[in-house]
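Take a look at the structure below.
The values are calculated or read from the model by the stated rules, or taken from the named source; none is laboratory data. All values reported here derive from a predicted model rather than from experimental measurement. All Cβ positions, glycine included, derive from the backbone under ideal geometry; neighbour counts span all protein chains shown.
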Amino acid sequence: MENWLSTTSPEIQEKLTKVGLLDRPPSRTCEELWDAFLEAKTDIKETTRDIYELTKNRFFLAFEKNEFITDLTSERIAEWKTLLRKSLAESTVAGTIAKVRCVFNWAKEVGWIQTSPMVGVSRGSFTNPTNDQIITRDEYLKLLEHCPCQEWRTILALVRYGGLRCPSEVMTLRWAGIDWKGKRFLVHCPKTVRHPGKGWRFVPLFPEVLDELTNLFEQDKDKGNEFVINRYPNRERTKLGNKFKRLVQLAGTQPIKRPFDNMRASRSNEIYAEFGPFYESQWIGHSSKIAKDHYLNIRDEDFLRASDWSAKLSSPGMPNEPTPEPDQ
C-alpha cells in the first residue's frame, strides 16, 4: 500500500487526504513556500536576502504563485532552467538554481514535500571564462587619473592592489584596522564569516594601497570617521557598477566586464606568481580551489617569462649542461 501511495499522483494523494484515508500535511503553494522560507531565514545578511528575492522573481516567471509545490516536477524545473539560459549568463543560472535548491531542501526538512523537484537537475557551472579579463597596470593608472575624488582612488587601489571584495570588504574597512607601523591592515570578510577562522584576514600595505590610503587619511584625519570610505553610507548594499562604467568612459579604456571581480582576480594572479599559492590564499581570502576555478589565469607576461627561462636553459654554462672535467 505504501509503495503504491508513493508512486501515485499528487492529485490522488490530495483527494485521499481530504476524505481522511491518507494522513499527510496539506499541500502548500509556491507563494506559501517562498514566504515561509524567507520568514524562517532570520540569520542571513540583507545582501543574501536581496539575492533570494531576485531568485524568487525569476522563479515566478515560469511558475504560478497558487501552484502546489507537490505538483512541480524535475522536468518542469529543467525547462525553466533552459528558459533562464536564454537571457542569463551560465554562472548566473547556476547561482539561481543553487538558491532554489536551498528553498526546496528546506521544504523537505520541514515536511512539506517528500521529494524535491530539484532532484536530477544539475546546477551548472559558476565559471564563465568569457568574462575573465586582466586589468593591466596601465589601465589602472588611467582609471586612477579620472577618479572624481580621493575616496574613489582608494577604492580602486584596495580592489586592484589590495585584492579586496567590493563593496563588502571595501566599505567595511576601518581606520582602526590600519597598522601603519606593521605595514598591514585588517579586513573583515562578510562573505566568509560563517566559516570558522575566516571572518577576517590581514593584507599587506602594498605600495599602491599605502599611497592612496595615506593621501585619504591626510584629508580625513580631522573628521573622526570610523570607516575609510564614507561617500556611500549604505555600505555593503552600495551599487558601484554604473559609477565604474562612467569612470571607464572618462578614462577611455576598453570596456571592463565584472570590473571589481576582474581587478581582484588580476591581483590574485600577481600575488600567486610572485609569492606562491599560500600567500595568495591568505591575502586574497579564498581557498586554493576557488582560486583555481575562478581567479587564476595564464597572463601574457607568464608566456614571456617562460620564454626567457627557456632561452636561459639553452644558453652555455647552465646547470643542465655537463660540467667540464678539470685539467689533469
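Suppose the filter is farther than 22 Å from Arg246 by Cβ and outside any helix (DSSP H, G or I); does Pro148 pass it?
Working: farther than 22 Å from Arg246 by Cβ: no; outside any helix (DSSP H, G or I): yes.
When the stated conditions are applied, Pro148 does not pass them.
In region 232-256, what count of residues is obtained for those that are surrounded by fewer than 14 Cβ atoms within 10 Å (Cβ to Cβ) and more than 16 Å from Trp152 (Cα to Cα)?
Within region 232-256, residues that are surrounded by fewer than 14 Cβ atoms within 10 Å (Cβ to Cβ) and more than 16 Å from Trp152 (Cα to Cα) number 3.
Which one is surrounded by the fewest Cβ atoms within 10 Å (Cβ to Cβ) among residues in region 160-215 that are basic (Lys, Arg) and outside any loop (DSSP other than H, G, I, E, B)?
In the first step, residues of region 160-215 are kept if they are basic (Lys, Arg); the result is 160, 165, 174, 181, 183-184, 191, 194, 198, 201.
Filter again for outside any loop (DSSP other than H, G, I, E, B), leaving 160, 174, 184, 201.
Values: Arg160: 27, Arg174: 14, Arg184: 17, Arg201: 22.
That would be Arg174.
Which numbered condition trips up Ile229, out of (1) over 19 Å from Arg153 (Cα atoms); (2) touching an Asp or Glu at 6+ places or on another chain (Cβ under 8 Å); (3) surrounded by 15 or more Cβ atoms within 10 Å (Cβ to Cβ)?
(1)
From the list Phe217, Phe206, Phe244, exactly one residue is in the same structural domain as Leu143 (by TED's automatic domain parsing), more than 19 Å from Arg165 (Cα to Cα), out of contact with any Ser or Thr (no Cβ under 6 Å at 6 or more places or on another chain) and touching a residue at least 12 places away in the same chain (Cβ under 8 Å). Which is it? Walk me through how you get there before you give the answer.
Working: Phe206 fails: more than 19 Å from Arg165 (Cα to Cα); Phe244 fails: more than 19 Å from Arg165 (Cα to Cα).
Of Phe217, Phe206, Phe244, the one residue that is in the same structural domain as Leu143 (by TED's automatic domain parsing), more than 19 Å from Arg165 (Cα to Cα), out of contact with any Ser or Thr (no Cβ under 6 Å at 6 or more places or on another chain) and touching a residue at least 12 places away in the same chain (Cβ under 8 Å) is Phe217.
If I go through region 124-170 residue by residue, how many of them are among the acidic types (Asp, Glu) and modelled with pLDDT under 90? Walk me through how you get there before you give the answer.
Step one: filter region 124-170 for residues among the acidic types (Asp, Glu), giving 132, 138-139, 145, 151, 169.
Add one more test, that the residue is modelled with pLDDT under 90, and what stays is 132.
Qualifying residue count, region 124-170: 1.
Answer with yes or no whether Val100 is assigned by TED's automatic domain parsing to the domain that holds Lys45, crowded, with 17+ Cβ neighbours inside 10 Å, in contact (Cβ under 8 Å) with a residue 40 or more places away in the chain and not charged (D, E, K, R). Before you say what the answer is, go through the steps one by one.
Numbers: assigned by TED's automatic domain parsing to the domain that holds Lys45: yes; crowded, with 17+ Cβ neighbours inside 10 Å: yes; in contact (Cβ under 8 Å) with a residue 40 or more places away in the chain: yes; not charged (D, E, K, R): yes.
For Val100, the condition - assigned by TED's automatic domain parsing to the domain that holds Lys45, crowded, with 17+ Cβ neighbours inside 10 Å, in contact (Cβ under 8 Å) with a residue 40 or more places away in the chain and not charged (D, E, K, R) - is met.
Of Arg153, Arg184, which residue is in contact (Cβ under 8 Å) with a residue 12 or more places away in the chain and under 13 Å from Ile229 (Cβ atoms)?
Details: Arg184 fails: under 13 Å from Ile229 (Cβ atoms).
The conditions single out Arg153.
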